[in-house]
Structure formats: structure tokens, C-alpha cells
Amino acid sequence: MTTANIYLDYQATTPLDERVLEAMLPWLGRPANPHSSEHAFGRDAAAAVELAREQVAEAVSGDPKGVVFTGSATEAANVVIRSFANGGGRLLISAIEHPCVAETVAGCQKQYGTEVTVVPVDEEGLVDLDVLPELMVGADLVSVMTVNNEVGTIQPIEDIGALCMSEGVRLHTDAVQAIGRVKVDMGLGIAFATLSSHKVYGPPGIGAICSQPEEVALLKPIMSGGGQERGLRPGTLPTALCVGFGVACALAVREQEKDAAEAGVLANAFLRELDNAHVSYVVNGSREERVAQNLNVSFDGIEAEALLAQVPTVALSTGSACSSGSIARSAVLTAMGLSEDRIDSAVRIGFGRGTAACEVAEAARMVAGAAARLRGKLG
């Protein structure tokens, strides 16, 4: 048995892939301002950034001309949403959006008087396509995430995109948890996709808006101070971070099937260990329409926080990392209509590159043992 820490929180952040770091290193030790076009140092940096732009665009089958680098996916979502909310507007979002969308929309509602409509989801976390067409009439923007960060549910984005195109409504999708896990295609009715580097084995501190080139003009900056990124994101682009993000996206596209297959084996192994230990649990979210890298499990009658406290060497979570520390119940699981007991006992388990089968088996045995101890105390 190993005494080392075991990392199973890949939805919160992924480790930096060594190949990404290798590509970044040359740009960390040299002058690399891509906006200094007067000399070779700047031109070389600019060329590296443009290659990264192409790699990021490829990850969503998009156009490099529509890629705008930002400091994070949260900033990217703010730019998109506020561009359509400022001065009023009508926004439509799913009931299980990440806080970067849900809280931004709530802020716009309060600040600008934006009209907001929330699309319900079923018990698996899937958007109700029967009510969506009626709700989107007159909307300025629809925002539905491709893959949910808490339960791993994959939304029918192709169907949603088709509905948006038929109604002439622009679709934004938070694709942070989708890149490298499922195929994302901007050509299927997506006007804007927002991405994060550190969720795809790239460096933290950089994200992107991927848009249709003709839609870029509709976006409005939320900061001032420079004309970089077509005036949408002022500030000197960090060449090393752009390069790392680009390489991470290229690897994600190339290794998507391999990563998914390996994660699926690990997820099944984790559940098998729980079954062998006769642990009472239920998987939250869709069993079929979910990414292999994500498991969200409720342990009958056991509070998740108490369970995590029993396994301090295993990195797990109780939901969205961006809302950790909050005493409120998961908005995602609540929107799915789960009971309070089931919500309070939910633990998110993530798998990714570098996760070893022996680590997964040990972590599952530790969780099973902790559940047995807690049940013994309850009994």
C-alpha cells in the first residue's frame, strides 16, 4: 500500500503535461512580446502565438480568426455574456451551468435588468429539448455547457445548435470540460465556445473565446487599456502560456480516444472495488451520456464532507471547485431534482492522464473503508 497522495480531482484542474512544459520552456527564458513586431524577437513570438491560435481553433473545429485569448474561461464567459446582456437583452441558460455563467448572468440581471430564463434539466442533468424551442423565442443568447463539471453529463449540443440556428438565436457553450473528452464542432450551430487551458493539461492563467469569425464584432471588451486581441482583451499576450495552451489542445485532439478509453477502465475499476466491498452508492448523472473521466457518486446516508475527511490523502471533491467552501447545496444536483440526502452525500471523482490503476484501486478501498467506519458510527 502506498502512502503517497492520490489525485482524483481532474475536473478541478489537470496536471501540466510534460510535453506541454517542454514546448513552453524556450519562451520562458527569452524576450517574447508578440506585439513587438519591429524586431525578430517579437515576430518569432507572434508566430508562436498564431500557431497556438490555430491549435486551439482545431480543438473545436473552428476558425483561428475567431479565437480570442483571455486570462481564463471565466473571463471568456464574462465577455460573451456581457456582450449580449449589457443594456438589457434576454438570456437563456441551462439550470446546471458553471458559476462562471450562472453568477455572471445573475449579475447582469441585477446590474442591467437583463431578462433571464432558465431551462430545466431532467434527473440525469440533460436539458429538456421539448421546452427549449418555445423558451428560446426572442432570446439574444442561449448558453448551455457541453459537459457538466459536476456530473459529467454530455448535453446534446448538436441538437441544441440546430434549434438555435432554426430560431436565429446565437448559442454559447462552456466547453471547458469537453475538450479532449468529446468532439466539439463550432460548425454545428455554436456561435461562441469558451475554453480553459488548465482543464486540458495546459498551464493555468489562460483561456479563450472561440467564435465564428463574423461574430467577433458582436463582442464587447470588459476591460480597457490596449488594442490587443482586436481590442477585446487588452494586455500583452503571454507567449509561453499561449504556446502551452495550443500544444495542450493539439494533444487533446490527438489523444481523445485513448484518454477516454483509459479513463473508462479506471472508472469501472473504482466502482467494481466499491461493489466488492458491498458499499451502498448510486451514480449521479447519466450512465450513458457522460464523459468517462467523471464519476459523481452518492454514498447512502453518509455526508460527503465527513467521508472526505476520512481519506485526506485522496484528492476528491464535493462538486464545483469554483464554489468549494460554500455551505449551499450543489445547484447542479438540486436542479436535477435529487433529494437533499443524496446531494449531501455526493462525491466527485475524476480520472485522467497519469492516474494509475493501482492508485484507483487503493483509493476505492480507502473510500469503502471510510464509508464502513462512518456507517458503523451512525449505526
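Does ALA76 meet the test of being in a helix (DSSP H, G or I) and over 17 Å from the mean Cα position of the chain (by Cα)?
Details: in a helix (DSSP H, G or I): yes; over 17 Å from the mean Cα position of the chain (by Cα): no.
When the stated conditions are applied, ALA76 does not pass them.
Confirm whether GLY89 is within 24 Å of the chain's Cα centre (by Cα) and either within 27 Å of GLY226 (Cα to Cα) or open to solvent by 20 Å² or more (accessible area, probe 1.4 Å) (or both). Can you show your working first?
Details: within 24 Å of the chain's Cα centre (by Cα): no; either within 27 Å of GLY226 (Cα to Cα) or open to solvent by 20 Å² or more (accessible area, probe 1.4 Å) (or both): yes.
Spelling it out, it is not the case that GLY89 is within 24 Å of the chain's Cα centre (by Cα) and either within 27 Å of GLY226 (Cα to Cα) or open to solvent by 20 Å² or more (accessible area, probe 1.4 Å) (or both).
Tell me yes or no: at least one residue of the stretch 146-155 is more than 24 Å from GLN11 (Cα to Cα) and touching a residue at least 40 places away in the same chain (Cβ under 8 Å).
There is no residue in the stretch 146-155 that is more than 24 Å from GLN11 (Cα to Cα) and touching a residue at least 40 places away in the same chain (Cβ under 8 Å).
Could you list, in sequence order, the residues of the stretch 101-127 that are touching a residue at least 40 places away in the same chain (Cβ under 8 Å), open to solvent by 10 Å² or more (accessible area, probe 1.4 Å) and not in a loop (DSSP other than H, G, I, E, B)?
The first filter runs over the stretch 101-127 and keeps only residues touching a residue at least 40 places away in the same chain (Cβ under 8 Å), leaving 101-102, 120-126.
Imposing the further condition that a residue be open to solvent by 10 Å² or more (accessible area, probe 1.4 Å) reduces the set to 102, 120-124, 126.
Hits for the stretch 101-127 are ALA102, VAL121.
Take the residues in the stretch 152-173 that are out of contact with any Leu (no Cβ under 9 Å at 6 or more places or on another chain) and outside any loop (DSSP other than H, G, I, E, B); name whichever of them is least open to solvent (accessible area, probe 1.4 Å).
Start the filter on the stretch 152-173 by keeping residues that are out of contact with any Leu (no Cβ under 9 Å at 6 or more places or on another chain), which leaves 166-168, 173.
Adding the requirement that they be outside any loop (DSSP other than H, G, I, E, B) leaves 166-167, 173.
Values: SER166: 84, GLU167: 88, THR173: 0 Å².
Applying the filter and picking the extreme gives THR173.
Would you call GLY337 at pLDDT 95 or above, open to solvent by 20 Å² or more (accessible area, probe 1.4 Å) and either of a type outside the set (S, T, N, Q) or outside any loop (DSSP other than H, G, I, E, B) (or both)? Criteria met by GLY337. For the stretch 25-60, the candidate set comprises residues that are of a type outside the set (D, E, K, R) and more than 18 Å from PHE245 (Cα to Cα); within that set, the residue that is surrounded by the most Cβ atoms within 10 Å (Cβ to Cβ) is GLY42. The residues on offer are ALA217, ALA261, ALA267, and the sole one that is in a helix (DSSP H, G or I) and open to solvent by less than 40 Å² (accessible area, probe 1.4 Å) is ALA267. Here the stretch 278-294 is the region considered, the condition is being closer than 16 Å to MET336 by Cα, at pLDDT 95 or above and of a type outside the set (D, E, K, R), and the residue that is most open to solvent (accessible area, probe 1.4 Å) is VAL282.
The values are calculated or read from the model by the stated rules, or taken from the named source; none is laboratory data. In this text, all values refer to a predicted model and were calculated from it rather than measured experimentally. Here the Cβ is made from the backbone with ideal geometry for all residues, glycine too, and neighbour counts use every protein chain on show. Accessible surface areas use protein heavy atoms only, side chains included; no ligands, DNA or RNA. Shrake-Rupley method; radii C 1.70, N 1.55, O 1.52, S 1.80 Å.
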